[in-house]
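The values are calculated or read from the model by the stated rules, or taken from the named source; none is laboratory data. What you see is a predicted model, and the numbers here were worked out from it, not measured in a lab. Cβ placement follows ideal geometry from the backbone for every residue including glycine, while neighbour counts extend to all protein chains displayed. What goes into the accessible areas is simple: the full protein's heavy atoms, side chains included, and nothing from ligands, DNA or RNA. Shrake-Rupley method; radii C 1.70, N 1.55, O 1.52, S 1.80 Å.
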Amino acid sequence: MNIPAEFDSIRPYSPEELPQAYEELIADTDFRQAAVAMMSLPFEMIAAKMRRCKTNLEFQKTFFYDLIKQLLRKNSEGLTEDFSALTDWSRRYTFVSNHRDIVMDPALLSIALIDAQWSDTTEIAIGDNLLVYPWIRRLVRILKAFIVVRGLTGRKQLETLNTLSRYIHFAISEKHENVWIAQRQGRAKDANDTTQESILKMLSIAGEGTPEDRLAELNIVPLAFSYEYDPCDFLKAGELQRRRDEADFHKAEGEDMISMKTGIFGYKGRVHVKAAPCINTEMKELASKYPRKTDFFPALKRCIDKHIFSNYKLYAVNYIALDCLEDSRRFEKHYTDAEREKFEQYLRNRLDKIELPDKDEPFLSEMLLKMYANPLINYLAVKE
């Protein structure tokens, strides 16, 4: 396939480029150490298996399907998926989802698509701030990730957004790949999942016709990730206090890597992935009702949010958290006393893990509760 050169610095590697990418990884000492630690195999065996993979999908299935499944067996109660709302599996979709975990969200989507017998997985939007080592940058591009450049301003930022939008349209229409992108830049630290209009505006830059015509080319599908437990909840709570207290807050070097490791290896409980229908028909109706762009994009944001909120799989911890916030027993039919006691002890343990010099325990407790209550609050808001 003839891929425009303007995408060379951000796109995944093509199958023709994989042999060189493999050799560069194999020669990287840091990658060798990480691969052996993750897979518990002699590196010579890992390298040989890499060289036999002819496509990105084959690499995903050979290495990461079993690896993610193994992690789920160790650190969760299992993954379930529901793509029943998507009746045309021959189309390629842009999955716009809530964002809980840096690594596991897109990894679990790809695993779920394989388990649901889809013919392909998905290309993944990943911020360049997470590519802290050269081997990670190479590896994610083998794993069908395309890179979102962060931290730019002015004309440079506009040029980058234009290129990103054109690439996503190219991936869907020319490469016939699915695409995953989070509904917002960065994870919602308090689990209040709302779509950023800027993401939708970026997606609408490329293509032909009106904004809704351009977005319709992407076949947008809202997607909900539901984790029973968030392994990074205590890290997120600590960050929320720091953002409150530090006027010049910025993450220290290595914090994203800690979050990635915690999310991968931490306990998740049950995990569910559910897709809404493609919203092309709804989008056309919204465009007719809201002809001005200043009205259309907020309405589209609300539409995506509603689908994500309504597709949450709710667990006992969500009902317990909201009852704790409200100091009530409003939802007690959804859990037992033993489950409430277990969750309250879980929260005490998470609070103990937060290391801050001026630790505000009431605030941190509230933030932890909100992380588990907000999915229910948002679900009720669209269901009642």
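Evaluate the stretch 293-306: report whether one residue or more is in contact (Cβ under 8 Å) with a residue 12 or more places away in the chain and in contact with a Gly (Cβ under 9 Å, 6 or more places away or on another chain). Explain how you work it out, then say what you get.
Here is the first cut: in the stretch 293-306, the ones in contact (Cβ under 8 Å) with a residue 12 or more places away in the chain are 293, 296-301, 303-306.
Narrowing the set further to residues that are in contact with a Gly (Cβ under 9 Å, 6 or more places away or on another chain) leaves none.
Checked against the condition, which is being in contact (Cβ under 8 Å) with a residue 12 or more places away in the chain and in contact with a Gly (Cβ under 9 Å, 6 or more places away or on another chain), the stretch 293-306 yields no hits at all.
Tallying residues that are β-branched (Val, Ile, Thr) and farther than 18 Å from Ile264 by Cα within the stretch 108-136 yields 3.
A quick yes/no check of all residues on (1) over 17 Å from Ile124 (Cβ atoms); (2) out of contact with any Gly (no Cβ under 8 Å at 6 or more places or on another chain):
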position: Arg150; (1), (2): no, no
position: Gln157; (1), (2): yes, yes
position: Ala171; (1), (2): no, yes
position: Glu197; (1), (2): yes, yes
position: Ser204; (1), (2): yes, yes
position: Glu208; (1), (2): yes, yes
position: Arg214; (1), (2): yes, no
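Within the stretch 290-297, identify whether any single residue is acidic (Asp, Glu), closer than 26 Å to Arg214 by Cβ and either modelled with pLDDT under 95 or assigned to a helix (DSSP H, G or I) (or both), and answer yes or no.
Yes - at least one qualifying residue is present in the stretch 290-297.
Scanning the stretch 173-200 for residues that are of a type in the set (Asp, Glu) and open to solvent by 10 Å² or more (accessible area, probe 1.4 Å) yields Glu174, Glu177, Asp190, Glu197. Taking every residue in the stretch 84-98 that is farther than 12 Å from Thr122 by Cβ and pairing it with any residue that is aromatic (Phe, Trp, Tyr) and open to solvent by 10 Å² or more (accessible area, probe 1.4 Å), at least 6 positions away or on another chain, the pairs with Cβ-Cβ distances below 7 Å are Trp89/Trp118.
Taking the numbered list (1) surrounded by fewer than 19 Cβ atoms within 10 Å (Cβ to Cβ); (2) assigned to a helix (DSSP H, G or I); (3) at pLDDT 95 or above in turn, Ser84 passes all entries but (2). Note on the stretch 101-136: residues that are touching a strand residue (DSSP E or B) at 6+ places or on another chain (Cβ under 8 Å), open to solvent by 20 Å² or more (accessible area, probe 1.4 Å), part of a helix (DSSP H, G or I) and within 19 Å of Gln185 (Cβ to Cβ) total 1.
Checking the structure you have, find out if any residue of the stretch 260-278 is among the hydrophobic types (A, V, I, L, M, F, W, C), farther than 30 Å from Trp135 by Cα and over 18 Å from the mean Cα position of the chain (by Cα). Full working, then the answer.
Taking the stretch 260-278 and keeping what is among the hydrophobic types (A, V, I, L, M, F, W, C), we get 260, 264-265, 271, 273, 275-276, 278.
Applying the additional criterion that residues be farther than 30 Å from Trp135 by Cα yields 275-276, 278.
Narrowing the set further to residues that are over 18 Å from the mean Cα position of the chain (by Cα) leaves 278.
Yes.
Filter the stretch 298-315 down to the residues that are farther than 16 Å from Val221 by Cα and either touching an Asp or Glu at 6+ places or on another chain (Cβ under 9 Å) or buried (at least 22 other Cβ atoms within 10 Å of the Cβ) (or both) and list them by number. It would help to see each step written out before you state the result.
Here is the first cut: in the stretch 298-315, the ones farther than 16 Å from Val221 by Cα are 298, 313-315.
Within the stretch 298-315, Pro298, Lys313, Tyr315 qualify.
Yes/no per residue for (1) surrounded by 15 or more Cβ atoms within 10 Å (Cβ to Cβ); (2) among the acidic types (Asp, Glu); (3) not in a loop (DSSP other than H, G, I, E, B):
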position	(1), (2), (3)
Glu6	no, yes, yes
Ala21	yes, no, yes
Leu25	yes, no, yes
Asp30	no, yes, yes
Ala35	yes, no, yes
Arg51	no, no, yes
Lys54	no, no, no
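The residues of the stretch 201-250 that are open to solvent by 30 Å² or more (accessible area, probe 1.4 Å), part of a helix (DSSP H, G or I), in contact (Cβ under 8 Å) with a residue 24 or more places away in the chain and closer than 30 Å to Thr87 by Cα, listed by number, are Lys201, Glu212, Arg214, Ala216.
Taken together, the criteria place Pro211 among residues that are at pLDDT 95 or above and more than 20 Å from the chain's Cα centre (by Cα). Across the stretch 127-142, not a single residue is classified as under 27 Å from Leu286 (Cβ atoms) and modelled with pLDDT of 95 or more.
Mind checking which residues of the stretch 251-273 are part of a helix (DSSP H, G or I) and open to solvent by 70 Å² or more (accessible area, probe 1.4 Å)? Walk me through how you get there before you give the answer.
Residues of the stretch 251-273 that are part of a helix (DSSP H, G or I), as a first pass: 255-265.
Ile258, Lys261, Phe265 - these are the residues of the stretch 251-273 that are part of a helix (DSSP H, G or I) and open to solvent by 70 Å² or more (accessible area, probe 1.4 Å).
A Cβ distance below 7 Å, combined with a sequence gap of six or more or placement on separate chains, defines the contacts here; from the stretch 41-67, residues that are farther than 21 Å from Ser14 by Cα reach residues that are open to solvent by 20 Å² or more (accessible area, probe 1.4 Å) in the pairs Phe43/Arg32; Phe43/Val36; Leu67/Met38; Leu67/Met39.
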